[in-house]
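**Student:** Starting off with a structure, shown below.
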Amino acid sequence: MKNSILLLFLFCLVGLSSCNKDKPNEVVLEYGTVTDIEGNTYKTVKINDQWWMCENLKTTRFNDGSLIPFFATNDTSGWQDGPGFKTVADSLYGQLYNYATILDPKGLAPDGWHVATDEDWKKLERSIGMDSSETELMAWRGKDEVNGILPQNSNNWPTSSIHFGNNKYALNINPGGAVLYNGIISANSLEAYFWTATHNNQGAIYRSISYQRTQIFRQNADMRFGMSVRCVKN
């Protein structure tokens, strides 16, 4: 009888212990908006403690109101000489800025925000499920986390895409392409490229997403390239 009572007591303890185990934290999203110097309004989302723009930056002015030099799609002269941007598909996915624009002290991000840093991106990647150790690596990292940040059903991506976006985190990343160092547009409607505000003697760190991968690419790039920009609240 005593043994039965003891076993029942232990069973109850085990049951209580199981019930009290920490459950995985669910990411609770909040939504808002932010407006840039030109009056463009962007949807925003709070993922854990980070506020991100849900759209690519599309301003054509610095924060002091001065114009950012515009380069036509086929214009390759002067692209490497200073700040500049190119417009693809009527800025449907924002502008493509060279890194001189990111570095310009006149400022690019809306007031109270900044161009996302490498650390901002790593924090986001952890929030959407990537292993912490993988976020520190270069090249392709993760498994299928990209599905959570692409549009529902990967709309706007090629029909041959291997991912199947669900936009769980509302970031709505689209394939805006890039500008090569010589000023030529590349990978438009096929891949997404994002500058970070982090740079070193090997170039500037960026992220990219391909229609052929469900992972997120991290690497250094020549600062003469042109890429999309996402901003994070200070």
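The values are calculated or read from the model by the stated rules, or taken from the named source; none is laboratory data. Everything numeric in this text was worked out from a predicted model, so none of it was measured. Don't worry about glycine lacking a Cβ; one is built from the backbone with ideal geometry, like all the others, and counts go over all protein chains shown.
**Student:** Test each condition in (1) touching a strand residue (DSSP E or B) at 6+ places or on another chain (Cβ under 9 Å); (2) of a type outside the set (Gly, Ala, Ser); (3) within 19 Å of Met227 (Cα to Cα) for Arg141 and report the one that comes out false.
**Tutor:** Unmet for Arg141, out of (1) touching a strand residue (DSSP E or B) at 6+ places or on another chain (Cβ under 9 Å); (2) of a type outside the set (Gly, Ala, Ser); (3) within 19 Å of Met227 (Cα to Cα): (3).
**Student:** Check Gly84, Gly148 and return the single one that is of a type outside the set (A, V, I, L, M, F, W, C) and either in contact with a strand residue (DSSP E or B) (Cβ under 6 Å, 6 or more places away or on another chain) or on the phi > 0 side of the Ramachandran plot (or both).
**Tutor:** On the way: Gly148 fails: either in contact with a strand residue (DSSP E or B) (Cβ under 6 Å, 6 or more places away or on another chain) or on the phi > 0 side of the Ramachandran plot (or both).
The unique qualifying residue is Gly84.
**Student:** A further question follows. Are any of the residues in the stretch 153-161 touching a Leu at 6+ places or on another chain (Cβ under 8 Å) and surrounded by fewer than 18 Cβ atoms within 10 Å (Cβ to Cβ)?
**Tutor:** Scanning the stretch 153-161 turns up at least one residue that is touching a Leu at 6+ places or on another chain (Cβ under 8 Å) and surrounded by fewer than 18 Cβ atoms within 10 Å (Cβ to Cβ).
**Student:** Just to be sure, is Ser154 touching a His at 6+ places or on another chain (Cβ under 6 Å) and within 28 Å of Tyr211 (Cα to Cα)?
**Tutor:** Considered against the rule, which asks whether it is touching a His at 6+ places or on another chain (Cβ under 6 Å) and within 28 Å of Tyr211 (Cα to Cα), Ser154 comes out as yes.
**Student:** Just checking, how many residues over the stretch 178-191 are without any contact (Cβ under 8 Å) to a residue 40 or more places away in the chain and buried (at least 20 other Cβ atoms within 10 Å of the Cβ)?
**Tutor:** Count: 1.
**Student:** Consider the stretch 78-99. How many of its residues are hydrophobic (A, V, I, L, M, F, W, C), modelled with pLDDT under 95, closer than 30 Å to Tyr31 by Cα and surrounded by 20 or more Cβ atoms within 10 Å (Cβ to Cβ)?
**Tutor:** Adding up the residues that qualify gives 1.
**Student:** For the stretch 86-106, check the following and say yes or no: at least one residue is in a helix (DSSP H, G or I), of a type in the set (A, V, I, L, M, F, W, C), under 19 Å from the mean Cα position of the chain (by Cα) and farther than 29 Å from Lys143 by Cβ.
**Tutor:** In the first step, residues of the stretch 86-106 are kept if they are in a helix (DSSP H, G or I); the result is 89-91, 99-103.
Within this subset, residues satisfying the condition of being of a type in the set (A, V, I, L, M, F, W, C) are 89, 100, 102-103.
This time we only want the ones that are under 19 Å from the mean Cα position of the chain (by Cα), so: 102-103.
Next, from what is left, pick out any that are farther than 29 Å from Lys143 by Cβ: 102-103.
Yes, the stretch 86-106 contains at least one residue that is in a helix (DSSP H, G or I), of a type in the set (A, V, I, L, M, F, W, C), under 19 Å from the mean Cα position of the chain (by Cα) and farther than 29 Å from Lys143 by Cβ.
**Student:** Return the residue satisfying two criteria in turn: it lies in the stretch 174-191 and is assigned to a strand (DSSP E or B) and of a type in the set (Gly, Ala, Ser), and of such residues it is farthest from Leu103 (Cα to Cα).
**Tutor:** Taking the candidates together, the pick is Ser186.
**Student:** If you don't mind, there's one more thing I want to ask. Suppose we filter Ile173, Ile102 for residues that are buried (at least 19 other Cβ atoms within 10 Å of the Cβ), touching a strand residue (DSSP E or B) at 6+ places or on another chain (Cβ under 9 Å), free of Cβ contacts under 8 Å to residues at least 40 places away in the same chain and among the aliphatic types (A, V, I, L, M); which single one remains?
**Tutor:** When all the criteria are applied, what remains is Ile173.
**Student:** Here is a follow-up. Any idea which residue in the stretch 192-221 is surrounded by the most Cβ atoms within 10 Å (Cβ to Cβ), counting only those that are modelled with pLDDT under 95 and in a strand (DSSP E or B)?
**Tutor:** Gly203
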